[in-house]
Amino acid sequence: RDLGAESLDFLDINYRLEQVFGIKMARHSLLEHIEEVFGEDSAIDGSGQLTALAVSLLRTRLDESAMELSPGMDMDEIPPLITVQGMTNVLMEILDTLPEKCASCGHSGWTPDKGQRIKCGSCGANATFTDGDTLTKEWLTKVQEEKKIF
């Protein structure tokens, strides 16, 4: 709703963020990852409706727009709730995985290249970041292990 964006617009936005920052956004939705970690029908029931677990996890992971979610909602009602702030949070989470040192030379000084991609200040290698899918799975696995299932 923030941008008046449709599904193809999200693909374009994700692609542009990946190109500018040299990162990989999540390829799968949070709901798909919930199903993978917690099991089939844990996020979306057989009728395509959100489960209580999915709503709880979405509220924990997303911004305040997720407060509009409720169990039994159709999963197609989620995309309009994605906000610019929510996408910024995802981007920042990925950028926060910047390693302390360059994998190529061990130097610890990073510098922006033309204000966008981050490169090693010593050897010029591009910084590598954890991708969005891995970060999401790690978070869900931690939630599951800590038995903080909502």
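The values are calculated or read from the model by the stated rules, or taken from the named source; none is laboratory data. Everything quoted here is computed from the prediction, not taken from an experiment. Backbone-built Cβ (ideal geometry, glycine too); neighbour counts: all protein chains shown. For the accessible areas, the whole protein counts, side chains as well, though only heavy atoms, and no ligand, DNA or RNA atoms are used. Shrake-Rupley method; radii C 1.70, N 1.55, O 1.52, S 1.80 Å.
Within region 126-147, none of the residues are surrounded by 13 or more Cβ atoms within 10 Å (Cβ to Cβ) and farther than 22 Å from Val90 by Cα.
To keep it simple, each residue is scored yes or no on (1) farther than 21 Å from Glu138 by Cα; (2) open to solvent by 90 Å² or more (accessible area, probe 1.4 Å); (3) under 16 Å from the mean Cα position of the chain (by Cα).
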residue: Leu11; (1), (2), (3): yes, yes, yes
residue: Ile23; (1), (2), (3): no, no, yes
residue: Arg27; (1), (2), (3): no, yes, yes
residue: His33; (1), (2), (3): no, no, yes
residue: Ser42; (1), (2), (3): no, no, no
residue: Thr60; (1), (2), (3): no, no, yes
residue: Asp63; (1), (2), (3): no, no, yes
residue: Met67; (1), (2), (3): yes, yes, no
residue: Met73; (1), (2), (3): yes, no, no
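Does Asp96 qualify as being under 13 Å from the mean Cα position of the chain (by Cα), on the phi < 0 side of the Ramachandran plot and open to solvent by 60 Å² or more (accessible area, probe 1.4 Å)? So Asp96 fits the description; yes. If I filter region 101-150 down to residues being of a type in the set (S, T, N, Q) and part of a helix (DSSP H, G or I), which single residue comes out as farthest from Leu30 (Cα to Cα)? The qualifying residue farthest from Leu30 (Cα to Cα) is Gln144.
What tally of residues in region 75-86 results from selecting those that are assigned to a helix (DSSP H, G or I), open to solvent by 30 Å² or more (accessible area, probe 1.4 Å) and within 19 Å of Trp139 (Cβ to Cβ)? Result for region 75-86: 1. Going by the conditions given, is Arg117 touching a residue at least 24 places away in the same chain (Cβ under 8 Å), in contact with a strand residue (DSSP E or B) (Cβ under 7 Å, 6 or more places away or on another chain) and open to solvent by 60 Å² or more (accessible area, probe 1.4 Å)? So Arg117 passes the test.
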